[in-house]
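As structure tokens, the structure follows; a few thoughts come after it.
The values are calculated or read from the model by the stated rules, or taken from the named source; none is laboratory data. The shown structure was predicted, so the numbers you read here are calculated from the model rather than taken from an experiment. When we count neighbours, we look across all protein chains shown, and the Cβ atoms used for this are built from the backbone with ideal geometry, even at glycine.
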Amino acid sequence: MKILAGQEKINLGKNATDQEIKDFFKGNELQRYFDGLKKKKVSYKPQNLANLSVDLKVIDLLKKRGKEAEIKKLAKRLEIENILENKLNRL
């Protein structure tokens, strides 16, 4: 996932340069993907949730990604506003 998100580079079994990676994927759909990666915004769900702070409230985590008023409005619409003050380890 980190490679597809552009956070890590493919090593091809060695410390490969950008040109070596391009040559490896030449003529492949992945070449076009990696070429346009700098223009893309990639989001994905982290697979390792152990790194999340369990002492953090749901609302505090969500505020890192959006405005509190919008979060509360959406939570009310989804009828889940009761969990916003819960800590992550209580979910």
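Do we find a residue being in a helix (DSSP H, G or I), of a type in the set (D, E, K, R) and either farther than 30 Å from residue 6 by Cα or at pLDDT 80 or above (or both) anywhere in the range 56-64?
Initial filter on the range 56-64 (in a helix (DSSP H, G or I)): 58-63.
Those still in the list that are of a type in the set (D, E, K, R) too: 60, 63.
Applying the additional criterion that residues be either farther than 30 Å from residue 6 by Cα or at pLDDT 80 or above (or both) yields 60, 63.
Yes; the residues of the range 56-64 include at least one that is in a helix (DSSP H, G or I), of a type in the set (D, E, K, R) and either farther than 30 Å from residue 6 by Cα or at pLDDT 80 or above (or both).
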task = Output the residues belonging to the range 22-51 that are at pLDDT 80 or above and hydroxyl-bearing (Ser, Thr, Tyr).
result = 33
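Can you spot a residue in the range 65-87 that is assigned to a loop (DSSP other than H, G, I, E, B), under 17 Å from the mean Cα position of the chain (by Cα) and of a type in the set (S, T, N, Q)?
In the first step, residues of the range 65-87 are kept if they are assigned to a loop (DSSP other than H, G, I, E, B); the result is 65-67, 78-80, 84-86.
So of that shortlist, the ones also under 17 Å from the mean Cα position of the chain (by Cα) come out as 65-66.
Restricting the remaining residues to those that are of a type in the set (S, T, N, Q) gives none.
Among the residues of the range 65-87, not one is assigned to a loop (DSSP other than H, G, I, E, B), under 17 Å from the mean Cα position of the chain (by Cα) and of a type in the set (S, T, N, Q), which makes the answer no.
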key: Selected residue (criterion: farthest from residue 65 (Cα to Cα)) from residues of the range 6-46 that are of a type in the set (Phe, Trp, Tyr) and in a helix (DSSP H, G or I)   = 24
request  = Enumerate the pairs (first residue in the range 67-89 and touching a residue at least 24 places away in the same chain (Cβ under 8 Å); second residue anywhere and among the acidic types (Asp, Glu)) with beta-carbon separation below 8 Å, excluding pairs fewer than 6 apart on the same chain, so at least 6 apart or on different chains.
outcome  = 87/55; 88/55; 89/55
